[in-house]
Amino acid sequence: MFWKRLPWVFIPGLLAVGIDRWTKIWATEHLMHTYPRSYWNDFFRFQYALNEGAFLSLGSGMPEKLRYWLLAVIPVLVLGYILVHVFTGKHLNRFSQAAFGLILVSGGSNIFDRILEGHVVDFMNMGIGQLRTGIFNVADMAIMAGLFMLLPSAFQKPKAVTQEEIPAPAEETQTEERPEQ
């Protein structure tokens, strides 16, 4: 089962991380010392930022040791749990496997940056007027895409088990009946 799921889990995630790594390098080279660039009447902005926190800078103001534990160690444990679930879960279809792959590998990319660099490069922002998103990156988009892909399965009713799917009981060996005393 592991080898059959491996491509469905890692190919989408590796594609997303490849794009994420390339865009972070691009943002560092082209956006670091510039003013934000606006497109589509300021709906979309390229705006370089170093994020020391989690998604949308959550936790960036915490003390460094606490931030390390909450934003690096615990997420690694959570991703490890998800990884085990992906490869041992019995009823995951390929679509769900790909969704988990986006979450796992992209989340790992941001954790990797946080551990090695102490921050994550973020550079995209969307909004209308004062109503704007936080600044994010491609890995954040891939994680959110994976979560949205999993939403339909979260609201599905469990599939009813048919009689054919119930395993037959093992044949019992005959034992001698003892007379009651």
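Every read-out reported here was derived from the displayed coordinates using simple, explicitly stated rules and does not represent laboratory data. Being a predicted model, the structure only gives us computed values, none of them experimental. For neighbour counting, all protein chains shown are included, and Cβ atoms are generated from backbone atoms with ideal geometry for every residue, glycine included.
Under the condition of being under 15 Å from residue 149 (Cα atoms) and among the β-branched types (Val, Ile, Thr), which residue from region 86-104 is farthest from the chain's Cα centre (by Cα)? Within region 86-104, the match that is farthest from the chain's Cα centre (by Cα) is 86.
Conditions tested, residue by residue: (1) small (Gly, Ala, Ser); (2) out of contact with any Leu (no Cβ under 9 Å at 6 or more places or on another chain); (3) more than 15 Å from residue 8 (Cβ to Cβ).
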| position | (1), (2), (3) |
| --- | --- |
| 51 | no, yes, yes |
| 61 | yes, yes, yes |
| 68 | no, yes, yes |
| 76 | no, yes, yes |
| 85 | no, no, no |
| 91 | no, yes, no |
| 98 | yes, yes, no |
| 102 | no, no, no |
| 107 | yes, no, yes |
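Kindly evaluate residue 10 against the criterion of being over 15 Å from residue 110 (Cβ atoms) and under 16 Å from the mean Cα position of the chain (by Cα). It is true that residue 10 is over 15 Å from residue 110 (Cβ atoms) and under 16 Å from the mean Cα position of the chain (by Cα). For residue 20, the criteria (1) over 29 Å from residue 98 (Cβ atoms); (2) part of a helix (DSSP H, G or I) hold in every case but one, which is (1). Pairs, please: C-beta under 6 Å, at least 6 apart or cross-chain, first residue in contact (Cβ under 8 Å) with a residue 40 or more places away in the chain and in region 29-48, second among the small types (Gly, Ala, Ser) and surrounded by 14 or more Cβ atoms within 10 Å (Cβ to Cβ)? If the second residue must be among the small types (Gly, Ala, Ser) and surrounded by 14 or more Cβ atoms within 10 Å (Cβ to Cβ), the pairs left are 48/27.
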